[in-house]
Amino acid sequence: MAAAEGRTELECTMDEQDVIVMDNGSGCLKVGFSGEDAPRAVLPNIMATTTVDEAREEEHAVNDSSAAAKKSQVFYGDEALRQHNASVTRPVERGAIVMNSQHKDALESLWEHALRHELGVDGEELPVLIADALPLGQSSYPSRQWTAEVMFEKLKVKSLAIFNTAVLSLFSTGRTRGLVIESGEGITQAVPVFEGYAIPHAIFKMEVAGQDITSKVQRGMEKHVGAERASSMRDMQALKERVCRVASSYSTAMNGHDADDEEAKSFELPDGNIIKVPKEIRYGAPEVLFGDGDSDNPSMQKICNEAVSTCDMDLRQDLVRSIVVAGGTSMLPGLATRFRSEVMRSLPPELARQVDICVDSQRRHAAWIGGSMFASLSTFDQVAITKQEYEEGKADVRGLVARKTW
């Protein structure tokens, strides 16, 4: 019954206008249009700049000089990852926009590229919804203020709404009340949500997520196949996604017989060689999410317990009855099952008995999907910052962002 109370009668009135929906993850930028089931484009959130020397023929002819002109070329997403000897910028790190000129310029360029080349629009006079991993609070004001300025001043959008990713992930399941455990590329966070609002003082996060599993995979593979063959982080990420899984009991998995078949153990390296990945890497790397066997380390179950215990007693039952697991790292096979058992061990018995975990098949893009759903409702216009509001509130953009982002 309480779980049902955590759901809402979602408003069915649809708006005919297209809204651009963007999710700025540490790993990937997801973009698309409201009302669609999945983002149109998912591209690594990275920009690479290469510089080549081109001899100036005219100068060579006149001065017989070998002076060279520098010519820069910029690449985005997958193309950026393929560049060698390039200057690489990742504008979002550990869930937050890096607030210096180089990283801000890169993200602005990525947004423009995504709109024009991935969606085929220029953004002008279109409403935009952005999913932001940072909870509304002091730490998010500078980045949200800058985001609003870029959207209205540079991209000339019609209106802008900024929502917390956890709220949108919960919304994608039809709920407005529950506890969201998001694990992406840069951060893992536990976010209690009550009637569509994240509870800021009860949000707990850890800077342990997908990239840390990949790093642990790389360290293990360096010992297994040598540093040169394990040097590419991109290949190590592919290996992680191909063979890594979460054991229901790590000690049992390590001490028992390796029951995985040959295909589940195998990975083809870029040089064409197929290697068998030992279980210490396949099962060991994801253990960073659960503390790596050290109770003093941050873990998913610990931040979940802290988030629940920080909330009012009256809300705790509703939270544990609607725990939503979301984010790209949550796609690891076995993660939800292990997380459930760890959480039940860490919570008081009266709450542990009521734990119900929602694992949606589309959880990799849950925040984007929730944004797509919300942007389709007629209430979107009521919560978005309009161009007129922005123009009238320019003197205090920070205050406007504090009042009208979520």
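The values are calculated or read from the model by the stated rules, or taken from the named source; none is laboratory data. Since the structure is predicted, the reported quantities are computational estimates derived from the model, not experimental observations. So basically every Cβ, Gly included, is an ideal-geometry build from the backbone, and we count neighbours across all protein chains shown. In case anyone asks, the SASA skips ligands and DNA or RNA and just uses the protein heavy atoms, side chains included. Shrake-Rupley method; radii C 1.70, N 1.55, O 1.52, S 1.80 Å.
What are the residues in segment 279-328 that are farther than 20 Å from Phe171 by Cβ and outside any helix (DSSP H, G or I), if any?
Matches in segment 279-328: Tyr283, Gly284, Gly291, Asp292, Gly293, Asp294, Ser295, Asp296, Asn297, Pro298, Ser299, Asp312.
From the list Asp260, Asp235, which residue is in a helix (DSSP H, G or I) and either touching a residue at least 12 places away in the same chain (Cβ under 8 Å) or polar (S, T, N, Q) (or both)?
Only one candidate passes the filter, namely Asp235.
Give me a count of the residues in segment 96-148 that are farther than 22 Å from Val74 by Cβ, part of a helix (DSSP H, G or I) and under 18 Å from the mean Cα position of the chain (by Cα).
Going through segment 96-148 one residue at a time, the tally reaches 4.
For segment 266-299, name all the residues that are of a type outside the set (S, T, N, Q), open to solvent by 30 Å² or more (accessible area, probe 1.4 Å) and at pLDDT below 90.
Of everything in segment 266-299, those that are of a type outside the set (S, T, N, Q), open to solvent by 30 Å² or more (accessible area, probe 1.4 Å) and at pLDDT below 90 turn out to be Pro270, Asp271, Gly272, Gly293.
Considering only residues that are over 26 Å from the mean Cα position of the chain (by Cα) and of a type in the set (Lys, Arg), look in segment 349-401 and name the one that is most open to solvent (accessible area, probe 1.4 Å).
Checked segment 349-401; the qualifying residue most open to solvent (accessible area, probe 1.4 Å) is Arg353.
Inspect segment 136-145 for any residue being in contact with a Pro (Cβ under 9 Å, 6 or more places away or on another chain), closer than 17 Å to Gly371 by Cα and surrounded by fewer than 22 Cβ atoms within 10 Å (Cβ to Cβ) and give the result as yes or no.
Yes, that holds for at least one residue.
Per-residue answers, yes or no, for (1) in contact with a Leu (Cβ under 7 Å, 6 or more places away or on another chain); (2) farther than 30 Å from Gly35 by Cα; (3) of a type in the set (Asp, Glu):
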site	(1), (2), (3)
Leu129	no, no, no
Ala133	no, no, no
Val157	yes, no, no
Gly196	no, no, no
Val217	yes, yes, no
Glu228	no, yes, yes
Ala238	no, yes, no
